[in-house]
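A.B. asks: Could you have a look at this structure, given as C-alpha cells, before my questions?
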C-alpha cells in the first residue's frame, strides 16, 4: 500500500500537466499563423489599434514596428512585468498583441483611359464624365458641347401666308329706278350688291438652305439661300340684272362688265452671308449674334381680265420688281433640356436693304372700233427694312450631329412698292407717297446635319 500511494500521485500529476504542456507547445504555432496573416496585409495602410488608442508614454521606449514579411514569434511579444510593476500604466499589464486595422485603399486610376479624359464612370449610360468636360464621352473622348459651332448643312421648309397684300379688283352693282323719281335726276341707280371680287393670298410653300463653316467652337461663317413664291386667283360673275364695275382699270369707275377674273403673285429671294459669334453660353443655353450682308430680289404681279361690255374685253397688267443689297444683324438663342435632347430656340433679325424699284402698268381695252391703251412706268430708289422673328422647339442627337426644329416665323417688309400700291398711284395720278408695308407669317420645319 505504501508503494501504491506515490505511484498514484505521480499519475495524477502527469495527467494535470499534459494539457498545459500541449498548450505551450501549440503557442508558437498559433503566433506563427497570426504573423503569416499579418504579413499578408498592406502595412503601409495599417494603423495599430493600441497606437491609435494610447500612444507610448513618456520615458518608455517606442513600440517596435514590423516590416512586411517579418514573422511574429513569442519573443516579439512584450514580456509581462512582475506583479506591481508596469511599463506603461495606460496600457496595463499582460502581453499586448498589436492588431493591424485595415483601411480602404485609395482609388486607383484606370490605366485604359487617357489621363486627359479620366473621370467618374456613369453606370447609367456607361460613359465617362470628366470635370473639365461635363459632357458625355466615349473611348476617351469628349462629345462636343451643344453650344459649340460646327461645320454642317441644313434645309428648312417654309409654309407662309402674305398679309396686307389683298386687292379688290371688281365690285358688283345692281341697277334700280329711284322711287319716287327725282325731277331732272338719274333714271337708274347703281348700288353695291353681292360678293366683292378680292384677291387674298393663302398659305404657300418655300424653302431655305445653307452651309455653315466653323472657324472654331465659338464662331462660324454661314451662307443661306431663301426662296418663296405665292399666287392667288379669283373670278366673279354678275347676276342677272346686275353688272360689275372694275376697280383696277383706268379711269375709275370704268365701264361695266359681266365677268372678271384676276390673278396675283408675290415672291422673294434672299442670299445671305453672315459671321456668327457666340456671346454667352452654358451647358443649358447658348446665345449668338450674327452680322453680314444680304441680297434681296422681290417681285409682284397682277393680271385682270374683264369681258361683257359692248362686246369688248379689257386686260390690266401691273408688275413691280426690286433688287438691292445691304447689311443684316441677327440674334439667336438655344435652350437645352437636361435630358432627352429636347431644346427650345428663338431667332431675331433686321436687314436694311438699299435698292431700286421698277413698276409698270398696262391697260388694254379691246373694242370693235380699236384698242384703247394706257401705260405707265416708274423707277424709284428705296431703303427697305426687313424684320424677322422666329420661335420654336427642336431635338438634338446625343452626338450633336443631327438637329430638327419646328417653329413659327414672322417676317415684316417696310417701305416697299407693290403692284397694288402702284396701280392706285396711276389711278389717282399721285406718285409722291408711293409706299406700302406687308408681312408674312407661318410655320417652319428644318433639319441640320453637322460634321
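A.B. asks: With the Cα gyration tensor of the stretch 204-293 giving a ≥ b ≥ c as the square roots of its eigenvalues, does the rule (a/c under 1.5 for rounded; else a/b larger than b/c for prolate; else oblate) give rounded, prolate or oblate?
C.D. replies: The shape class here is prolate.
A.B. asks: OK, next. Can you give the extra length, in nm with one decimal, that the chain gains between residue 164 and residue 346 once fully stretched, where that is 0.36 nm per residue apart less the Cα-Cα distance?
C.D. replies: This chain segment gains 63.0 nm when fully extended.
A.B. asks: For the stretch 243-367, what does the alpha-carbon gyration tensor say about shape, rounded, prolate or oblate, given a ≥ b ≥ c as the root eigenvalues, a/c under 1.5 as rounded, and a/b over b/c as prolate?
C.D. replies: prolate
A.B. asks: Right, another one. Based on the alpha-carbon gyration tensor of the stretch 269-321 and its eigenvalue square roots a ≥ b ≥ c, which shape applies: rounded if a/c is under 1.5, prolate if not and a/b is larger than b/c, or oblate?
C.D. replies: Prolate is the answer for the stretch 269-321, as a/c is 1.5 or above and a/b outweighs b/c.
A.B. asks: Specify the inter-centroid distance of the stretch 255-334 and the stretch 218-253, based on alpha-carbon positions, in whole Å.
C.D. replies: So the separation of the two Cα centres works out to 12 Å.
Any read-out appearing in this document is the output of simple, stated calculations on the displayed coordinates, not a laboratory observation. Computed from a predicted structure; not experimentally measured.
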